[in-house]
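For reference, the structure discussed in these notes is given below.
All of the numbers you see were taken from the coordinates with simple rules; none came from a lab. None of the values given here were measured: they were computed from a predicted structure. Cβ atoms come from the backbone with ideal geometry, glycine included; neighbour counts cover every protein chain shown.
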Amino acid sequence: MVFGLYTTLHNNHNNISKYHDLNVEPVWKMGWTGLGVTLSVLDDGLQYSNIDIGPNYEPSVSYDVADLDAQDTDPSPNMNSSDNSHGTHCAAIMAAVANNSYCGVGVAYEAKVGGVRLLEGAVTDLQESLALSYGLHKVDIFSASWGPKDDGVQVDGPRKLATAAFQRGVTLGRNGKGVIYVWAVGNGGYKGDNCNLDGYASSIYTLSVNSLTEEGLSCFYDEPCSSTLASVYVGGHHHHPGLLKRKARTLNVVVPELNGQCRDSFQGTSAAAPMAAGVIALVLQANPNLTWRDMQHLVVQTAMKTNDTGWRTNSAGFHYHLIYGFGSLNALKMVTAALNWKNVPEQRNFTLKVTGVPRKIEAYKSTVVLTTVDSSVYINYLEHVVVTLTLKHRKRGLLEMFIISPSGTVSQILTKRKNDFMTSGFKNWKFMSVNLWGENPVGVWQLRIINHSNMKGQLLSATYQFFGYHS
């Protein structure tokens with residue numbers, strides 16, 4: 001076996017805990033290699049002739065939606081630019097073949113992998129929706145490492161057609177069990193960005209993934225948000241390299257380049273998402289009956305605490321973190337749990353409009369709005385909580401927002417954004433949290449808005465949407 005993904009697949013670095021990798025080798029030894037599972041990378045193209053990818057390439061789920069006029073099933077990247085290697089990198093992380101003495105080995109090295117070429121110039125809602133649905137009859141897992149620009153200013157997400165495509169994917173995909181959408185949370189942390197303002201990563205339908213250094217710390221670019229489910233080890237720096245007196249070389253992910261060479265410096269949440277997708281392929285081979293929600297439950301129940309501080313525990317006993325989600329993915333724990341997994345009950349949801357609004361948001365003060373969920377609600381096990389709100393404020397980046405559950409669990413759904421000087425506030429924006437996973441929603445909920453500005457604002461409307469089941 002050629003270990004190209006050193007940090008994540010086989011971390012034997014000095015003074016590093018044995019758990020500071022994906023713990024995937026024992027899973028391979030059990031016989032789970034991704035065989036029978038099909039993945040698709042939605043990106044800038046896929047060089048399927050690449051030595052690491054060719055034997056596992058699946059043409060039936062591949063297409064070029066960047067140029068719809070061509071009606072082309074060839075997902076090859078634009079070779080006029082060396083920058084168009086991103087999708088090929090991600091595909092190799094997921095499913096590069098083993099023992100070919102080339103760059104590395106994929107997490108699910110016997111899985112099939114295809115690709116949709118999407119990211120070429122401006123991308124429309126139609127193109128996104130087609131990419132999210134292409135090959136739905138055969139794809140088990142879609143992996144994507146893109147979204148709004150990570151500049152700490154944007155507030156954007158899927159439009160009407162793409163939103164419908166997500167819903168169609170989790171409803172019709174995998175014969176009704178739902179495809180798994182794995183999404184990178186973004187690399188805008190050093191610019192003060194928050195992935196809850198990325199509507200792709202914060203969708204309830206995506207399994208969003210963040211990055212870890214080889215020491216189990218956050219990477220300097222990691223974005224905080226309450227919608228992140230898990231993290232994986234990709235190497236890199238905890239502090240921005242520009243701030244380091246001595247720029248020590250870190251262990252990173254090895255991937256094939258378009259020119260036949262190997263690159264040993266690929267990282268970021270762009271690497272984290274396909275790595276997680278590879279683990280999920282191993283899990284699906286072990287138990288093909290898992291639904292898209294079962295997979296999220298498995299992550300929540302098996303993810304491991306990392307070395308950093310800032311961990312909290314909710315009233316259901318799950319530890320969670322604003323950056324790491326529920327912790328680092330552990331392939332062996334996930335597969336072991338999946339082998340005897342009982343499918344979770346049918347998803348239920350209900351919507352509750354917040355009363356007592358409009359409400360003024362005073363300068364340099366905390367505004368608290370209380371909402372009561374009564375016992376008639378037929379959910380006693382929460383999965384996702386979504387707060388949709390509209391507010392006016394001329395210094396949007398100086399707001400923080402929290403929701404506090406009836407049991408007292410605090411979830412920060414918005415952090416301050418140092419680069420966000422927009423004066424438009426928020427309009428029907430959905431803030432999602434998984435931090436309340438497993439809790440009972442009955443009781444009094446708090447929505448707390450902290451204004452760190454000398455300007456007043458106004459909360460115009462707010463609605464809670466609770467997703468979960470009744471056990």
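Under the simplified labelling scheme, the Asp151-Arg394 pair shows an inter-label distance of 2.3 nm, with each label point 7 Å from Cα along Cα→Cβ.
Using helices alone, what [θ] at 222 nm do you get for the chain, with -39,500 (n - 2.57) per DSSP H run of 4 or more residues, divided over all residues and rounded to the nearest 500? Walk me through the numbers before you get to the answer.
Values: 8 runs with 79 residues, N = 471.
After summing the helix terms and dividing by residue count, I get -5000 deg cm²/dmol.
In the chain, the longest principal axis of the Cα atoms and the axis of helix 86-95 are about 80 degrees apart. Taking the Cα centre of the chain as origin and assigning +1 to Lys and Arg Cβ atoms and -1 to Asp and Glu Cβ atoms, the resulting dipole is close to 1880 debye.
Using DSSP, restrict attention to beta bridges with both residues in the chain and report what percent are antiparallel, rounded to the nearest 5. Beta bridges within the chain, antiparallel portion: roughly 65 percent. With kT/(6 pi eta Rh) evaluated at 10 °C and eta = 1.306 mPa s, and Rh the Kirkwood radius from Cα pairs, the chain diffuses with a coefficient of 71 µm²/s according to Stokes-Einstein. Farthest towards the positive end of the charge dipole of the range 122-253, among the residues Gly186, Ser203, Ser145, is the Cα of Ser145, using unit charges on the Cβ of Lys, Arg, Asp and Glu.
What does the net charge come to around Thr409 if you take all other residues with beta carbon closer than 15 Å to its beta carbon, with K and R at +1 and D and E at -1? Walk me through the intermediate numbers first.
Working: positive: Arg312, Arg448; negative: Glu383, Glu439.
Once positives and negatives cancel, what remains is 0.
Counting only Cα atoms, the range 61-162 measures 43, 34, 29 Å along its principal axes, largest extent leading. Extension gain for the segment Lys418 to Ala70, taken as residue separation times 0.36 nm less the Cα-Cα distance, is 121.0 nm to one decimal.
When the convex hull of the Cα atoms of the range 106-179 is projected onto a plane and the area is averaged over all directions, what value comes out in nm²?
Mean projected area of the Cα convex hull: 6.2 nm².
Isolated cysteines of the chain, defined as having no other cysteine beta carbon under 4.7 Å away, are Cys90, Cys219. Tell me the angle of helix 292-302 to the major Cα principal axis of the chain, expressed in degrees between 0 and 90 and rounded to the nearest ten. The helix 292-302 is inclined about 90 degrees to the chain. The loop-placed GluC sites (Glu not before Pro) in the range 95-201, going by DSSP, include none that has at most 11 neighbouring Cβ atoms within 10 Å of its Cβ.
Charges on Cβ only, +1 for Lys and Arg, -1 for Asp and Glu, centred on the Cα centroid of the chain; of Ser315, Thr371, Met401, which one is farthest towards the dipole's positive end? Sorting the options by dipole projection puts first Thr371.
Compute the normalised compactness of the range 348-469: alpha-carbon radius of gyration over 2.2 N^0.38 Å, N being the residue count. For the range 348-469, the normalised Cα radius of gyration comes out at 1.04. For the chain, averaging the sequence separation of C-alpha pairs within contact (under 8 Å, six or more residues apart) and dividing by the residue count gives a relative contact order of 16 percent.
Sparsely packed loop sites in the range 323-389 (the GluC sites (Glu not before Pro) outside DSSP H, G, I, E and B with at most 10 other Cβ atoms within 10 Å) comprise Glu346. Extension gain for Arg263 to Asn380 (0.36 nm times residue separation, less C-alpha to C-alpha distance): 37.3 nm.
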